[in-house]
There are 2 protein chains.
Amino acid sequence: MSVINVAILGFGTVGEGVYRTIQSHSNELAAELGKEVEVAAVLVRNKQKPRDISGNVLLTTDFEEILQLPKLDVVIECIVDKDPTFSYLKKAIQRGCHIITANKEMFAHHGNELIELAEQHQVSVGFEATVAGGIPVIQTLGQLLKINRVQRILGILNGTSNFILTEMRDKRQSFAESLLRAQENGYAEADPTNDVEGYDAFYKTMILSRLAFGEEPDWRDVERVGITSITSELIEAAQNLGLRFKHIASIWKSGTRIQASVKPVLVGSEHPFYHVEGVENAVNVKSDIVGEITLQGPGAGMYPTASAIIEDLVHVCQSHVPKSNYLKTSGEDIELKNEHQREYWLVQGLVQKYGSPAITLVDEISEGIFVLKGSKKDIEQLAQRQPSVQYFSILGNEEFLVRGIEEAKAL
Amino acid sequence: MSVINVAILGFGTVGEGVYRTIQSHSNELAAELGKEVEVAAVLVRNKQKPRDISGNVLLTTDFEEILQLPKLDVVIECIVDKDPTFSYLKKAIQRGCHIITANKEMFAHHGNELIELAEQHQVSVGFEATVAGGIPVIQTLGQLLKINRVQRILGILNGTSNFILTEMRDKRQSFAESLLRAQENGYAEADPTNDVEGYDAFYKTMILSRLAFGEEPDWRDVERVGITSITSELIEAAQNLGLRFKHIASIWKSGTRIQASVKPVLVGSEHPFYHVEGVENAVNVKSDIVGEITLQGPGAGMYPTASAIIEDLVHVCQSHVPKSNYLKTSGEDIELKNEHQREYWLVQGLVQKYGSPAITLVDEISEGIFVLKGSKKDIEQLAQRQPSVQYFSILGNEEFLVRGIEEAKAL
């Protein structure tokens, strides 16, 4: 049986998961591909560190050594940093290798360039693992919804933030305590900025935007808010209304423009994200033929991410036409979101009355925390005049919210 | 631009949805396929009935006329009955056409035969629309999880049953009232047997079983229970415990045997199916690499079903190798479910004590409705001795259930 030679760049959690899965699922891979998959090389930072890697595998700290292997078909990149991974993958493509990456930051910055280069060199690019871990959202958008025109995407894309918000509510802990717990569980880095300030979700959002709409918004126009300002007090006030904070990425088309935001939003129990808890991720896709589909599953971890990469390995090896859907052009203008439309908001930190006659007080939920109704524009202006104001959009239907307010009052 | 000629068999809700979607998405189809898709013929029962179909389309009541068209590439079957659709599709394959079907009963009976015949004739079979409407579960199992070994599938596969259970709980209506409402809304047939007795879900379960495990259980061994015995009283007792009745299809491997059941089960709010309400469907797939993934979306309706068929149309036209995953062999024996393992049950209709020392009373929830703990075997024996007993498995973790019981007592 002929062989597919693979190099794995990086041997952290994800790289090791990929290595182990290639061993444990060698029969499935051979049956599907008609060829044996062999790990030819692993790129590491420190060759001395003891690792459970077969002696036949080239273990090296020098990527050039990998490039010079006589036979190499696929390069799988499991490194976190943006550089030098981009240059590694460019060289791999130029050598005629398919590439697979789990690196969202690098891919958000350089995905287009890599895909164009891959088309020139007749190889494929797999990037399922960059968004939502083991949930096959990239393939669902790229392969299963080819005729549906995507209208809007919502996503819980950062498991760390979702874990912290869940812990804060469930265990009545502060943000700091919950962050510590996330770090103890290995869900958050020592420096958690990327996760809790929304950068990680932002990169994933840009990748999804390009895949679903063929383009992305100007990065500077995207509202990116993390979860660091969510206090126990806010969480409790929301809970009394039957609402939960979720850190939600949204992508939609307004006129001819793609718009996106990544920020804490409130959802009620009728929303498919209400029960997405802990480190789970979820993506809700609204398309013009099928309507709304929600995919939910593990957003990170050794084996969920390895799953995405191993399934990508099959796809890149089987794709007869090395054409990517990543650059497909978007359909017609679909959803015209009206910024003058009145919505509900949870608002804290008002130092004086809401100021605009267009903003209505719905209720004071607890001391200093209000539900207001008004357009996005009006609320933004309010926050400009009163910089102490924090405001959070409440998704879902009015009936649910009104019921929640009544029940909160009855307590 | 060359043309893909399509025939649509049946012009009910689904057939009309497919026809309209081919018109409305002709640009997307042409861009994806590089060919124009044209509806060459529609098979109807009554040619006189006025329909919004272009004059260029052959409208006929005679399938042979369609078979004799000089050019025909794909036959899309949107008829409900098992016969004569099977013979139509066999003839279409023998003529060299790809086929696509939405007919779960026919496909559960004859899917294997059609797929084998299609392989002989080098054409493809699309059957995404047979299970879970617009949710791309067939393609996810067949195309996106090729290396993952499926261990267990759970599904809410019948929208009518789920709608009725939701209405009963939400509106505090009887089964009969909720069924009537389902009929008024067009969610249930005049004769609802297929839906409310679990036959529809059963056929879908067999299709999923074959796709995920390469085989299906002996049909006679599958426990198939509908929702007709679920009373308002049971629903209320469950709700007081924080539980909801869902009509759930389960497929798992026990030793080397595939087992399946289709029946009402209780789930708590931590379960991904708890919030699947109304006519929505959901499928939860547990695989060995990725873990659990849940797909949720519209399980029926004109456009969700048309979406599944249109996306299948792209797949059958693009598949270079007319190989189907339907017959793939299953992985190793994975989940050994122990029938002696003690679980929780909601039980009604006990005429005497539970009889077996192996069965423990957890609590009497309301008059005559108990939560018991015992193995499946013990509960089945109890029900054999006391035929008035109805029992329902409670999914989920113990902690949730205990909390639910405490809260119910506090009311």
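All of the numbers you see were taken from the coordinates with simple rules; none came from a lab. All values reported here derive from a predicted model rather than from experimental measurement. FYI the Cβ positions are ideal-geometry reconstructions off the backbone, even for glycines, and counts take in every protein chain you see.
For the reader, a short list of remarks on this structure follows.
- Given +1 at the Cβ of Lys and Arg, -1 at the Cβ of Asp and Glu and no other charges, the dipole of segment A:24-106 around its Cα centre is 220 debye to the nearest 20.
- Ranked by how many other Cβ atoms sit within 10 Å of their own Cβ, fewest first, the residues A:ASP221, B:ASP73 fall in the order A:ASP221, B:ASP73.
- Within chain B, helix-based [θ] at 222 nm, where runs of 4 or more DSSP H residues each add -39,500 (n - 2.57), nearest 500: -10500 deg cm²/dmol
- Only Lys, Arg (+1) and Asp, Glu (-1) charged, at Cβ; segment B:342-410 dipole about Cα centre in debye: 300 debye
- Taking the charge dipole of the protein assembly as shown about its Cα centre, with +1 at Lys and Arg Cβ atoms and -1 at Asp and Glu Cβ atoms, the residue from B:ALA190, B:PHE175, B:PRO304 reaching farthest to the positive side is B:PRO304.
- Here's the picture: charge each Lys and Arg Cβ at +1 and each Asp and Glu Cβ at -1 in segment B:342-410, and of B:LEU401, B:PRO357, B:PHE370 the one pushed furthest to the positive end of that dipole is B:PRO357.
- Nearest 10 degrees, 0 to 90: helix A:199-213 Cα axis against chain A principal axis: 80 degrees
- In chain A, the longest principal axis of the Cα atoms and the axis of helix A:159-170 are about 40 degrees apart.
- Proxy reagent accessibility, fewest Cβ within 10 Å first, across A:SER54, B:SER178, B:SER2: B:SER2, A:SER54, B:SER178
- Centre-to-centre separation between the Cα atoms of segment A:200-215 and those of segment B:385-407: 44 Å.
- Prolate/oblate/rounded label for the protein assembly as shown (Cα gyration tensor, a/c 1.5): rounded
- For GluC sites (Glu not before Pro), the sites in segment A:156-235 that DSSP calls loop and that have at most 16 other Cβ atoms within 10 Å are A:GLU189, A:GLU215.
- Between the C-alpha center of segment B:102-162 and that of segment A:255-303 there is a gap of 25 Å.
- Pairwise centroid distance, computed over Cα atoms, of segment A:1-27 with segment B:1-64, Å: 47 Å
- Ranked list, fewest to most other Cβ atoms within 10 Å of each Cβ, for B:ASP218, A:ASP363: B:ASP218, A:ASP363
- Site pair A:GLN183 and B:ASN56 shows an inter-label distance of 6.7 nm when each label is modelled 7 Å from Cα along Cα→Cβ.
- Listed by chain and number, the lysines placed with their C-alpha closer than 19 angstrom to that of A:LYS35 are A:LYS71, B:LYS146, B:LYS323, B:LYS328; residues fewer than eight positions away on the same chain are left out.
- Cα-based shape type of segment A:85-221, given that a ≥ b ≥ c are square roots of the gyration tensor eigenvalues and the cut on a/c is 1.5: prolate
- Whether chain B is rounded, prolate or oblate, judged on the alpha carbon gyration tensor where a/c under 1.5 counts as rounded: prolate
- Exercise: per-residue mean of other protein chain Cβ atoms within 10 Å, B:274-287: 2
- A simple charge model with +1 on the Cβ of Lys and Arg, -1 on the Cβ of Asp and Glu and nothing else charged puts the dipole of chain B at about 400 debye relative to its Cα centre.
- Shielding of A:304-316 by partner chains, average beta-carbon count, 10 Å: 4
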